[in-house]
Amino acid sequence: MFTISFTAFRSTIHVFSFFLILIFSGVLSDSVNSVPVVNDSLTYLWPLPTEFTSGNETLSVDPRLSLAGAGNGGNSTIVRAAFDRYKRIIFKHTNRFSSFSLLRGIKPVYDITTLRIVVNSEIEELQLGVDESYTLYVAKNDGQSITGDVTIEANTVYGALRGLETFSQLCTFDYSSKSVLVYQAPWYIQDKPRFSYRGLLLDTSRHYLPVDVIKQIIDSMSYAKLNVLHWHVIDEQSFPIEIPSYPNLWRGSYTKWERYTVEDAIEIVNYAKLRGINIMAEVDVPGHAESWGKGYPDLWPSSSCREPLDVSKNYTFDVISGMLTDMREIFPFELFHLGGDEVNTDCWNTTPHVKEWLQDKNLTTKEAYQYFVLRAQQIALSKNWTPVNWEETFNTFAENLHPRTVVHNWLGPGVCPKAVAKGFRCIFSNQGVWYLDHLDVPWHEFYTAEPLEGIDDSSQQKLVLGGEVCMWAETADTSNVQQTIWPRAAAAAERLWSSKEAISSGNINETALPRLHYFRCLLNRRGVQAAPLTNKLARTPPIGPGSCYIHTKWKGGNDSLILFENVNGLIINGSGTIDGRGQPWWDASCARHPQFKVY
């Protein structure tokens, strides 16, 4: 090792790169393991269906594929819109038939020409527990069998949507023939989700996300069969959403350009519904609410005590009631999140009028916290919402929570077992394994996290609605949010959809990892900026040239090649970034770290 100055760094980098190439060109074949693109023993569907069989035929799909709707809901606008949407995905690279065929006067013959969708129910209401099961049959149309072509049968339109996603993953564009093919046909798939709640939290308070970006995220959720977007729209940093009853609330937005109108929110809800995704909004009270006072300072206990909200004033609860009344017109989902986490009540005791109120009510600050949460719950219940609260409320006063409360775990393991033992329903989001902003949590920890861990009683297991991965946005915005979500969120998505038995046997590095690599590439093909899967830190770029489908690992299990190390421990790695945080090594900020060790 030796030390060079930053001024010398630029002039020596090309020479160093040359020697680096020489060094590694001699050992590359011994240092890099290439993993085959496809393992014939695996089924490259994500999430893995409940039951399926396949064959050994290859079928061609007509780019003029037609839809035949049947049943009470087969001609639903939701079904037809989804068919058109998936048809654009499946036939992205092909037109009706090739220009060469046109010149030669040849009209190709295809094995699959019709997609038949049978939906038994005409009801399109999207709520928790809606039937998402489906069967999918893919076979050659021989002109004789009524089961030829493709048939999706479902009880609801939302089951049909899940079947369409699976069918789209069976379709592969063949660049040699310039046609779409289905391999290993005939396929027979019976599928249903393991959990009814399969969520992604999206935080638009820490960083504003434009409506189009939220829509892109909703699209990507549908590819992994997630079905709830938990919209953490408001927090202490900003209040970006319009509340007509209290129009000054969105003065708490970062700027006047970083806001959501009522119409924006309705558009997001409707867009999500067409993809079988519910929107669960969150109004986090009484903490995480400093931004409210930018428009209505009376909600602050004082100028030096800006959160929690003022528990002593009826006005505070009038504002909450008005907000929820307005939001009920936007969000039809039966669950509504009321937060209740990380509430520091110290300044209630040091604010004279609040302290006087506490004394008059003979309440401690802890009891006042309970009073606030329970009163907010009653407001939500009066709007025909089921309240969801972060686990601190359960941990602090479980015996007084409304029995309809859904407890949302996040602090660690062991909460859902305690909640369901007391008769509450629970959502699993253990931050140690399902927080996407924790960039050091690898894919396999997302994949192996088990929502039912510690719950053996079958009746109590049914009280676990499912789980949710959380995209907190302190360090994520439009530039990197998708890379942070995907592909690790997909690992949790399979845990929530597929049967535990089907995905828990064998070595997941052999049974799941190649399939998840493939799904990441599928997301990329569909325009989703899913990051490499096995980098040491999530959302970091590739370490060098290579295929999406053939992933490499350096010997010793290291997923990035460390080239330089600052004397104070700052890493510059082979991806060209400082410590994987996305800062280019050539940025002027490197001048603040002038000395490097060279390996």
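The values are calculated or read from the model by the stated rules, or taken from the named source; none is laboratory data. Model, not experiment: these values are computed from the prediction. All Cβ positions, even for glycine, are placed from backbone atoms using ideal geometry, and neighbour counts span all protein chains on display. To get the accessible areas, we keep the full protein, side chains included, count just its heavy atoms, and leave off ligands, DNA and RNA. Shrake-Rupley method; radii C 1.70, N 1.55, O 1.52, S 1.80 Å.
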- [ ] Report the accessible area of Arg194, computed with a 1.4 Å probe over the heavy atoms of all protein chains in place, in Å² rounded to the nearest 10.
- [x] 70 Å²
Task: Cα shape, segment 459-546, gyration tensor, a/c 1.5 rule - done: oblate
TODO: Quick one: grab the alpha carbon gyration tensor of segment 51-191, order the square roots of its eigenvalues as a ≥ b ≥ c, and give me rounded if a/c is under 1.5, else prolate or oblate depending on whether a/b is larger than b/c.
DONE: prolate
TODO: Enter the accessible area of Asp111 (Å², nearest 10), with the probe set to 1.4 Å and all protein chains included.
DONE: 30 Å²
Open item on the list: Assuming 0.36 nm per residue, please report the length gained on full extension of the stretch Ser505 to His402 beyond their Cα-Cα distance.
Closed with: 33.1 nm
Task: Tensor-based shape of segment 197-506 (alpha-carbon gyration tensor, a/c under 1.5 rounded, otherwise prolate or oblate) - done: oblate
Open item on the list: Suppose we look only past 27 Å in the calculated P(r) of segment 267-411. What percent of the Cα-Cα pairs does that tail hold?
Closed with: 22 percent
- [ ] Give me the accessible area of Arg306, 1.4 Å probe, in Å² rounded to the nearest 10.
- [x] 80 Å²
- [ ] Calculate, for Gln190 and Ser245, the FRET efficiency according to 1/(1 + (r/R0)^6) with r their C-beta to C-beta distance and R0 51 Å; round to the nearest 0.05.
- [x] 0.60
Task: segment 339-453 - accessible surface per residue (Å², probe 1.4 Å) - done: 42 Å²
